[in-house]
Amino acid sequence: MNLVRTARTVILLAVFCYLAVLLSAQTSIEALAAAYPNNPEVLNSYGIELANRGDLMGAISTWRRALDYDRKNVHLYNNIGSALKRLGHDRHAYAWYTAALQIKQVYWTYYNLAILYRDCGQTKEAGWALDQALRLNPQFTQAIEMRERIGLAPQIAAQSAVKTPESFPASTMISQNEQERVVTVPSFVPEIEELAPTRPLATVQKPVKQKKRPAADISPLPVDAGGQVFLTFDGGATDAGFDSIVDSLRRYGVRCTFFLTGKFAEKYPEKCRRLLTEGHEIANHSMNHPNMKSFSKDKIAAEIGAAEQAFIKVLGRRGAPFFRFPFGAQNKKVEQIVEELGYHPVYWHIDTIDWREDPVNTIISRVDNKLRRNAVILMHLGSRNGAKALDRILDIITGRGYTLARLSDLDASQLAALP
């Protein structure tokens, strides 16, 4: 009996010591990250620690912060892609991997690409990616074993000519003048092979039957990361960016709120109906887009009412109960009038000013620099450069762990916090 008690005591002490060391290590890396918030290598290590704990969104946020200090660190891109893959965001993971390969070709990145291709049923492309990995590291056991599992003949890529698939695009996330050597940092490559995707890659050529992702495989979001962001579009003048914008939102599976004037609805009825068909919502932006800051209640009611009649004529329904003042010209008096008419006035936190057709990178930076949880972003359907910037803006938003939603998805307490 005494021997049993002694054995139990030894086991408990061993477990206690292990936990103490583990907690000490976690505390140590957290302390290092706090002490050196501008050191990308420390931040990379801290991100790996967070990912190992299961806090994938926290890890992504940390690695993105590290990128602010080392934009050419290929391993940070690879780590973010791996975390996004584990969360089921395969298409976004793909974008990060291709961005990493523009900086430096790493065999682990090609291996992760092979997993993405394989999970989407693209065996040929998966084989190409594995060949690329083996070209860089002919002894790469995982790549050799995967080739066998997916039924490809054994092959050493370094001894054969490998043609790049036509479906492999050049990522727009990294400019060509950044093709320089990066500092080698140990890369975090999680076990992700058996996770099923929630949607196909952007490069899928044929319809692929989707596998349902088991609930147990979805990592929960930490309470201090992620959250919602609201991408809103104003439409009043032209539809110059419309088709490109709506196509991008469809590819990303995003639904948004569109503030349209009655004139826009009358001029582009089919396009407005397309918005509703694809799950977006249309809200009121007045009939004629006047400056309403000094309008009386009757004039405001007339503008809003005329727009609603246009919506009913074109769409067969009224718009969502939100209103955006043209030019953002508002004050407490007119806001109160709009609320009395049954609408929630909505301003914005981030103005892309895309209507000026500034350079695409300038538009993107306005979102990148100010993005935060619950931010309302303003863009315009008439902006060509805004449309060109949208894919990269969506990558930034989703890459930081945010989800995009419509304003009608908010509850009462959240509505009260809108700008």
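The numbers here are math on the coordinates, done by the rules we state, and not lab data. Values in this document were obtained by computation on a predicted structure and should not be read as measured data. As a convention, Cβ positions derive from the backbone with ideal geometry for all residues, glycine included, and neighbour counts pool all protein chains shown.
Once the Cα gyration tensor of region 289-362 is found, what semi-axes does its equivalent ellipsoid get, as square roots of 5 times the eigenvalues, in whole Å, sorted largest first?
Details: eigenvalues 119, 60, 25 Å².
Largest first, region 289-362 gives 24, 17, 11 Å.
Using the Kirkwood radius over Cα pairs, work out the Stokes-Einstein diffusion coefficient for region 228-416 at 4 °C and 1.567 mPa s, in µm²/s as a whole number.
On the way: Rh = 16.5 Å.
The diffusion coefficient I find is 78 µm²/s.
Return the subset of K271/K313; K263/K293; K271/K332; K267/K313; K85/K271 for which the Cα-Cα distance in this structure is over 22 Å, preserving the input order.
Working: K271/K313 14 Å; K263/K293 20 Å; K271/K332 34 Å; K267/K313 12 Å; K85/K271 34 Å.
K271/K332; K85/K271, as the Cα separations exceed 22 Å there.
If you add up the charges near E278, with Lys and Arg at +1 and Asp and Glu at -1, over every other residue whose beta carbon is less than 13 angstrom from its beta carbon, what do you get? The partial results should precede the final answer.
Working: positive: R250, R251, R255, K271, R273, R274, R406; negative: D243, D247, E270, E281.
Cβ neighbours under 13 Å give a net charge of +3.
For region 316-404, state the average projected area of the convex hull of the C-alpha atoms over all orientations, rounded to one decimal in nm².
The Cα convex hull of region 316-404, projected and averaged over all directions, gives 7.2 nm².
Through the Karplus equation 6.51 cos²θ - 1.76 cosθ + 1.60, θ set to phi - 60°, convert the phi angles of region 342-354 into ³J(HN,Hα) values in whole Hz; use x for Gly and Pro.
x, 10, 9, x, 10, 9, 7, 9, 10, 9, 6, 6, 5
Got a sec? How would E148, E270, E41 order by Cβ neighbour count within 10 Å, fewest to most? Intermediate values should be presented prior to the final figure.
Values: E148 10, E270 7, E41 17.
Going from sparsest to densest Cβ surroundings: E270, E148, E41.
Where does each of 390-402, 302-314 land if you order them by average Cβ count within 10 Å, highest first? Show your work: numbers first, answer last.
Details: 390-402: 21.9, 302-314: 18.6.
Descending mean neighbour count gives 390-402, 302-314.
From the backbone phi of region 370-387, what are the Karplus-calculated ³J(HN,Hα) couplings (6.51 cos²θ - 1.76 cosθ + 1.60, θ = phi - 60°) in whole Hz, Gly and Pro given as x?
Per-residue couplings from phi come out as 10, 4, 7, 4, 6, 5, 9, 10, 9, 9, 10, 5, x, 9, 6, 6, x, 5 Hz.
Order these peptides, 61-73, 100-112, by their mean beta-carbon neighbour count within 10 angstrom, highest first.
Working: 61-73: 19.7, 100-112: 22.4.
Result, highest mean Cβ count within 10 Å first: 100-112, 61-73.
If amide H atoms are built 1.01 Å from N in the plane of the peptide, which residues on other chains or at least 5 residues away come under 5 Å of the amide H of F259?
F233, D234, G235, A283
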